[in-house]
Amino acid sequence: MNIKNWFGKIPKKILAGTALAILITAGAVGYSVFASQKETTSEDNTLQTASVSRGDMTISASGTGVLSVLDEVELSFTTSGAVMNVFVQAGDLVEAGEILAETDATEAQSEFDSAKRAYMELTSPTAVASALDALAQAQKDYTDSLYKLEYLISPDVMYWELKIAEAQNKLELAQSQLNANPSDEQVKQQVKETMAYLQDAAVGLNTARNDYYNEYAFEKFVRRKKSGSYLAIPTEADIQLARLAVDDASVALAEAKFVYEAMTSGDILEGTDIPSLLEIQKAKHALNDAQAKLDGTTILAPMDGTVMSVEISPGDQAGTDTVITVAGLSQAYLELYMDESDWDKTVVGYPVEVTFDALPDSVFTGTITTVDSELYSSGTSTAVHGTVTLDASLNEISLPIGASASVEVISLDAKNILLVPLEALHETENGYAVFLITEDGLIFQYITIGAQNELYAEVKSGLNEGDTVALGIEIE
């Protein structure tokens, strides 16, 4: 409904006791507009007005909080024994890596020294040099086996056999890729080209074999005796033995490389069945176990923090139970509790202002980082529970864990926005509207509003800064 100029110019004053009643009819909708009566200092009834202006709006909700830490660590010995020294007490500040307590390490140190000697002997420079010699010999044996096979079957035959083996491996890989992705045109082309190459290679191998019997055999395997010459072509058994020798030499070379690399790098593949590596692996495991046992006689601070509790003294027999608790100081947190009516204002990412009871003149800032999906219950009370990450560290706050605080959650902090008093708003089925005062009279102006607090609403559209609106007019 677009209603304009409902009124003529508004009189500056409406006589006391006089009710201004104007009935406006538009279609089937009727409005009765009455000027509300408000007392002024002159005891006259006047039309109350307000200007649309810019200002700031903050919407918040209040709750409570308790100072806490999320990175609290319980520490214990992993090697049992008699406690020799405890270097800290509750409340002490510690640095990461600092020794907090230790047990008698005599036995653990002896086991570690013995395991280290055994491992060093197997990986000493002398042992590494022996592994390098073995690698060189394995390389020579492999090369010799290749030369022998090449001599028996001819270089050309060996060349084409190797090329065919490479192409077959390439074809198997391409066919596997094509099975996984039948529409891959590039792989299809690769399969096609490889199959064509295999056909050409088969021709090459056949030619090489013909040359073997027609030329190569007569050049290499003619034997002469006093009684004459004869052809001593290698048998299939001779060639098969040569092929097996190549395979064995290849395996031996791979093992020699693996042993040498493992000894120089210290990395040994689990599950190896090479005897020399198994011995090294066993020695390394023993060394690691001995190191862990020795480390277990000492408790170190895992981070910079505060010692929260110490449950052990020198002379005690230590097991594996928790004996020291340390809380990190790098970040302070707050356990947040809000009234369930403020659930909509307790949102991850909202900023907060925190005032601790023990520091009433200091305000700390932070951000809501978690909000529980269910209400927190304590006795007959329920609350919204969440976590606040404070911008200050525990060192900066300098209060004990468990300190109580008041929390203000800021759900809106808007600056320089257009504001209109709530008293000027009229809610209709078509939205919100105000009575806009113009030189020509009152206009019933529809507007779009945003955030609201107890006194004002944010104007999104429909009014401009400096506009004047009427207050207290009732619509029936």
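The values are calculated or read from the model by the stated rules, or taken from the named source; none is laboratory data. Since the structure is predicted, the reported quantities are computational estimates derived from the model, not experimental observations. Here Cβ is always computed from backbone atoms with ideal geometry, including for glycine, and neighbour counts include all displayed protein chains.
Given the conditions (1) at pLDDT 95 or above; (2) within 41 Å of the chain's Cα centre (by Cα); (3) hydroxyl-bearing (Ser, Thr, Tyr), report the number of the one that Ser80 does not fulfil.
Only one criterion in (1) at pLDDT 95 or above; (2) within 41 Å of the chain's Cα centre (by Cα); (3) hydroxyl-bearing (Ser, Thr, Tyr) is unmet by Ser80, namely (1).
Kindly evaluate Ala252 against the criterion of being under 18 Å from Ala129 (Cα atoms) and assigned to a helix (DSSP H, G or I).
Details: under 18 Å from Ala129 (Cα atoms): yes; assigned to a helix (DSSP H, G or I): yes.
Yes; evaluated as a whole, the condition is true for this residue.
Restricting attention to the stretch 255-294, and to residues there that are among the basic types (Lys, Arg) and surrounded by 17 or more Cβ atoms within 10 Å (Cβ to Cβ), which single residue is farthest from Tyr142 (Cα to Cα)?
Lys293
Can you tell me which residue in the stretch 177-205 is nearest to Val157 (Cα to Cα), limited to those that are in contact (Cβ under 8 Å) with a residue 12 or more places away in the chain and hydrophobic (A, V, I, L, M, F, W, C)? I'd like the intermediate steps shown before the answer.
In the first step, residues of the stretch 177-205 are kept if they are in contact (Cβ under 8 Å) with a residue 12 or more places away in the chain; the result is 178, 187, 190-191, 194-195, 197-198, 201-202, 204-205.
Next cut, hydrophobic (A, V, I, L, M, F, W, C) only: 178, 187, 191, 195, 198, 201-202, 205.
On the way: Leu178: 31, Val187: 29, Val191: 24, Met195: 20, Leu198: 15, Ala201: 11, Ala202: 11, Leu205: 6 Å.
Step by step, filter the stretch 177-205, then rank; the result is Leu205.
For the stretch 318-372, what are the residues that are among the hydrophobic types (A, V, I, L, M, F, W, C), in a loop (DSSP other than H, G, I, E, B) and touching a residue at least 12 places away in the same chain (Cβ under 8 Å)?
At the first step, the residues of the stretch 318-372 found to be among the hydrophobic types (A, V, I, L, M, F, W, C) are 318, 323-324, 326-327, 329, 332, 334, 336, 338, 343, 347-348, 352, 354, 356, 358-359, 363-364, 368, 371.
Now restrict to residues that are in a loop (DSSP other than H, G, I, E, B): 323, 329, 332, 347-348, 358-359, 363.
Val323, Leu329, Ala332, Val347, Val348, Ala358, Leu359, listed by residue number.
Could you list, in sequence order, all residues of the stretch 90-113 that are in a helix (DSSP H, G or I) and exposed (fewer than 13 other Cβ atoms within 10 Å of the Cβ)?
Of the residues in the stretch 90-113, the ones in a helix (DSSP H, G or I) are 106-113.
Matches in the stretch 90-113: Thr106, Ser110, Asp113.
Keeping to the stretch 261-296, report how many residues are part of a loop (DSSP other than H, G, I, E, B) and more than 27 Å from Leu70 (Cα to Cα).
Here is the first cut: in the stretch 261-296, the ones part of a loop (DSSP other than H, G, I, E, B) are 266-274, 296.
Those still in the list that are more than 27 Å from Leu70 (Cα to Cα) too: 266-274.
Residues meeting the conditions: 9.
Six or more apart or on different chains, Cβ under 9 Å: which pairs go from a residue in the stretch 299-313 that's surrounded by 19 or more Cβ atoms within 10 Å (Cβ to Cβ) and outside any strand (DSSP E or B) to one that's of a type in the set (Lys, Arg) and modelled with pLDDT under 95? Could you list them?
Partner pairs satisfying both residue conditions: none exist.
Could we say that Leu329 is crowded, with 16+ Cβ neighbours inside 10 Å and modelled with pLDDT under 95 here? Before the answer, list the steps.
Working: crowded, with 16+ Cβ neighbours inside 10 Å: yes; modelled with pLDDT under 95: yes.
In short, yes.
His426 passes all but one of (1) at negative phi; (2) out of contact with any strand residue (DSSP E or B) (no Cβ under 7 Å at 6 or more places or on another chain); (3) not hydroxyl-bearing (Ser, Thr, Tyr); which number fails?
Failed condition: (2).
So, in the stretch 427-461, of the ones that are of a type in the set (D, E, K, R) and not in a loop (DSSP other than H, G, I, E, B), which residue ends up nearest to Ser60 (Cα to Cα)?
Restricting attention to the stretch 427-461, the residues satisfying the condition of being of a type in the set (D, E, K, R) are 427, 429, 439-440, 454, 458, 460.
Then keep just the ones that are not in a loop (DSSP other than H, G, I, E, B); that gives 427, 458, 460.
Values: Glu427: 24, Glu458: 16, Lys460: 21 Å.
Result: Glu458.
Tell me, please, whether a residue that is out of contact with any Ser or Thr (no Cβ under 8 Å at 6 or more places or on another chain), surrounded by 13 or more Cβ atoms within 10 Å (Cβ to Cβ), hydrophobic (A, V, I, L, M, F, W, C) and farther than 30 Å from Ala127 by Cα can be found in the stretch 221-235.
Applying the first criterion (out of contact with any Ser or Thr (no Cβ under 8 Å at 6 or more places or on another chain)) to the stretch 221-235 yields 221, 224-235.
Subsequent filtering for residues that are surrounded by 13 or more Cβ atoms within 10 Å (Cβ to Cβ) retains 221, 233-234.
Applying the additional criterion that residues be hydrophobic (A, V, I, L, M, F, W, C) yields 221, 233.
Keeping just the survivors that are farther than 30 Å from Ala127 by Cα gives 221, 233.
Scanning the stretch 221-235, I find at least one residue that is out of contact with any Ser or Thr (no Cβ under 8 Å at 6 or more places or on another chain), surrounded by 13 or more Cβ atoms within 10 Å (Cβ to Cβ), hydrophobic (A, V, I, L, M, F, W, C) and farther than 30 Å from Ala127 by Cα, so the answer is yes.
Go over the candidates Ala131, Ala127, Ala138, Ala118 one by one and state the one that is within 18 Å of Ala262 (Cβ to Cβ), surrounded by 14 or more Cβ atoms within 10 Å (Cβ to Cβ), among the small types (Gly, Ala, Ser) and under 42 Å from the mean Cα position of the chain (by Cα).
Working: Ala131 fails: under 42 Å from the mean Cα position of the chain (by Cα); Ala127 fails: under 42 Å from the mean Cα position of the chain (by Cα); Ala138 fails: under 42 Å from the mean Cα position of the chain (by Cα).
Every option except Ala118 fails the conditions.
Any residue in the stretch 213-226 that is free of Cβ contacts under 8 Å to residues at least 24 places away in the same chain sitting within a Cβ distance under 6 Å of a residue that is of a type in the set (Ser, Thr, Tyr)? List the pairs, counting only those 6 or more apart or interchain.
Val222/Ser229; Arg223/Tyr230
Might you check whether a residue that is modelled with pLDDT under 90 and out of contact with any helix residue (DSSP H, G or I) (no Cβ under 7 Å at 6 or more places or on another chain) occurs anywhere in the stretch 453-463?
Pass one, the stretch 453-463, residues modelled with pLDDT under 90: 453-454.
Of the ones still in play, those that are also out of contact with any helix residue (DSSP H, G or I) (no Cβ under 7 Å at 6 or more places or on another chain) are 453-454.
The answer is yes, given that some residue of the stretch 453-463 is modelled with pLDDT under 90 and out of contact with any helix residue (DSSP H, G or I) (no Cβ under 7 Å at 6 or more places or on another chain).
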